[in-house]
1. Considering only residues that are touching a residue at least 60 places away in the same chain (Cβ under 8 Å) and either among the polar types (S, T, N, Q) or in a strand (DSSP E or B) (or both), which ones fall in the range 205-221?
2. Report, by residue number, each residue of the range 475-489 that is closer than 17 Å to Gln275 by Cα and open to solvent by less than 30 Å² (accessible area, probe 1.4 Å).
3. Kindly indicate the residue of the range 457-471 that is open to solvent by 30 Å² or more (accessible area, probe 1.4 Å) and of a type in the set (S, T, N, Q) and also nearest to Ala326 (Cα to Cα) among those meeting that condition.
4. When only residues in the range 62-81 that are more than 13 Å from Val42 (Cα to Cα) and open to solvent by 40 Å² or more (accessible area, probe 1.4 Å) count, which is nearest to the chain's Cα centre (by Cα)?
5. Name every residue in the range 238-266 that is open to solvent by 40 Å² or more (accessible area, probe 1.4 Å), farther than 14 Å from Leu566 by Cα and in contact (Cβ under 8 Å) with a residue 40 or more places away in the chain, in order of residue number.
6. For Lys542, indicate whether it is of a type in the set (Lys, Arg) and either free of Cβ contacts under 8 Å to residues at least 40 places away in the same chain or open to solvent by less than 50 Å² (accessible area, probe 1.4 Å) (or both).
7. Would you check if Tyr297 is over 24 Å from Gly573 (Cα atoms) and buried (at least 18 other Cβ atoms within 10 Å of the Cβ)?
8. If you check Arg531, Arg444, which single one turns out to be over 22 Å from Pro231 (Cα atoms) and of a type in the set (Lys, Arg)?
Amino acid sequence: MRKFILYFSLLILKASLGLKSYTEWFQLKNDYEITYGGELNVALVDITRGFPTSEITIIYDNTMDSYFLIQLTQSFTKKDISICHFNVSSVRNLDQYFNYLSIIYKNHMKLYNLFFVNKKLAEHILIEIRETNCIRRNLIYIFYWGNENFQRYFLRNIHEAMKVVLITNPRLNTYRIYYNQATSHRKHHLSMVNWWTKNKNLFNHPTLPNEKLIFKDFKKKLINVPVIHKPPWHFVKYNNNSIEVIGGRDYKLLNLLSQKLNFRFQYEDPPDRIQGSSFNANGTFEGVLGLIYKRSYEFLLGDVALTLERSNVADFSFLTLADSGAFVTHAPAMLNEALALIRPFHWKVWPAIIITLIVCVVILYVLIEVPNRYRPRKSRRSQNNLFLDSFWFIVRLFLGQSERLNDNSLKVRLFVVLVSLAGTYVIGDMYSANLTSLLAKPGREKSINNLFQLKESMINEYYQLYVEKHSSTFGLLENGSGIYGTLWKLMNENQKSYLIDSVEEGVRLVKQNLNVALIAGRETLFFDIQRFGVTNFHLSDKINTAYSAMAFQIGCPYIENFNKILMAVFEAGILTKLTQDEYEKLGKQHFESHLKKELQLNDDNSVGKKENSLKLKAINIKMLQGAFYLLFIGHFIATLTLIFESIHKKQSKLYKNARKSKLRLKLDKKIHVIVAFFANVRVRIRILIRNYINEAIISTLEYIE
């Protein structure tokens, strides 16, 4: 099948060139060998296999000979190397090639590009590759340059992160291979790394040298490194027109890397002093990571968390920190010590106590009343009074553990003993144990430990949540779903502002306000709350896992050399030791500053006061003031009850007297109504009789006349 394709291609070429015999064909072959300086197709096959790769893309224009293209295709096909052709003679075809290149770039695919174009177009292609940022370690650009000298503008457009290979033809059947990443300290420079001759073929295998060996020594190369003030990773002092890095864990780590790889570095102050979290609406990426994406800086070191958005603008090294997210709030306030006596009685305890009291009262009432009904031994005032007496007896028994009951029944005595034991040794001992623990370790308000509790606090207690702008946590809140999306919605609806410039500023804000929370990396928060006083803050539980690493330019050729050192120091525990050193250094500074303040207050007994201030406070009589408050409240309630009872008794007597007088008045009114009714009836009867007599007399007058 392959031979058929080659034969068919030769026929097409012969027909297109108008060749009438194979003599003309071989003459054309000799001409192309003179033009390209020998068997270039054989050399390119050996060079391609030496990369090594089994795929290559050929990009050419009208300057390329058609016969040579057929010969080159045959040579690659014979060696099982698949090829892809792009004719970039027109602008439309050139755009199609760069669309194809962008797809390869976005999918992180490997591609070897072989160019046969004129020198001006080669310069334009380099410029376009740099502007579209199609630069990765797996994208290699190979140019055939012939026997001409390198042009200055072509070299100037070669970025050090590009992998550019030039093939020259100094003499017949000899091809030299130049590579821009053959040195670790020179920019816009091509060095010869290999060559091919007809007799010996490719001199070195593989075609290109090993990057790990090249960038093992930077030969005192100066690298500009952006730095952001973010303790404990970097401590930066900002002056008027300059900055000064005075320490930090990553400062020590960068010094270690520079010693191992033999390079020099110079810190620079980035414009925004932020890392950057995601792309803006206009397609730009702000912060230092945006500048790395534009290749203004080579790398960034200092608590750079790995996120999906950041991985699109930078290549990350081996991790320098395994951190987790958290948030910090103000330390919970101390609960009132006067209420310690009633604090063991949680709201869940009260229903059980009330039910127990009711059951005990009912049982005691039944044990006294039921036997007395069948065999009366003494008279009772009333059943209500007996029930009230039983109730008050049980209440006093539970509260005072001693009370006398006027009943000689054995069942009642046994029940009272059981209730007394339960009240004394069960409820009383448990209460005493809880009270002792609360007095030994005074209680605090309920702390906020997870995101769901933080959400409830933001809704009910009007907490405000802050985050460092353009940080990885900011991107997590902005693009997150679930609880993160809910928090982001509450922040936008209830707060005027929620962004801060640094974690240090946010920790100060939390210290000054009781209803403020700050979310960031746990290690950074832990370090800052130690700086401003541990007793002023409460650090939440871990909410997510995050990893930090060095951010490099996409396509950085020496990232593997940095990874080798970072893996070694991470596995050896050196990174952990550097972090612990910063914590110990902070602890010493905190102790010295606190000691100076104590010396200023009292020069005589400063050391003793310092020691006492760091110890826990002992239990004092002030913690028992709640008992006196409770006693006062009890007497006050008893006094009110007594007053209420006396008033009620007087009012009841007045009510009874008034009721009697009201009954008499009602009776008198009824008697008066009855008497008046009968008097009225008598008057009406007398009137009727008189009227009847008068009518009878009048009717008899006729007969008298």
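1. Within the range 205-221, just Thr207 meets the criteria.
2. Hits for the range 475-489 are Gly475, Leu477.
3. Gln464
4. Across the range 62-81, the extreme among qualifying residues is Asp80.
5. Scanning the range 238-266 gives Asn262, Arg264, Phe265, Gln266.
6. no
7. Yes.
8. Selected residue: Arg444, the only one of Arg531, Arg444 that is over 22 Å from Pro231 (Cα atoms) and of a type in the set (Lys, Arg).
The values are calculated or read from the model by the stated rules, or taken from the named source; none is laboratory data. No experiment lies behind these values; they were computed from the predicted model shown. Cβ atoms come from the backbone with ideal geometry, glycine included; neighbour counts cover every protein chain shown. What goes into the accessible areas is simple: the full protein's heavy atoms, side chains included, and nothing from ligands, DNA or RNA. Shrake-Rupley method; radii C 1.70, N 1.55, O 1.52, S 1.80 Å.
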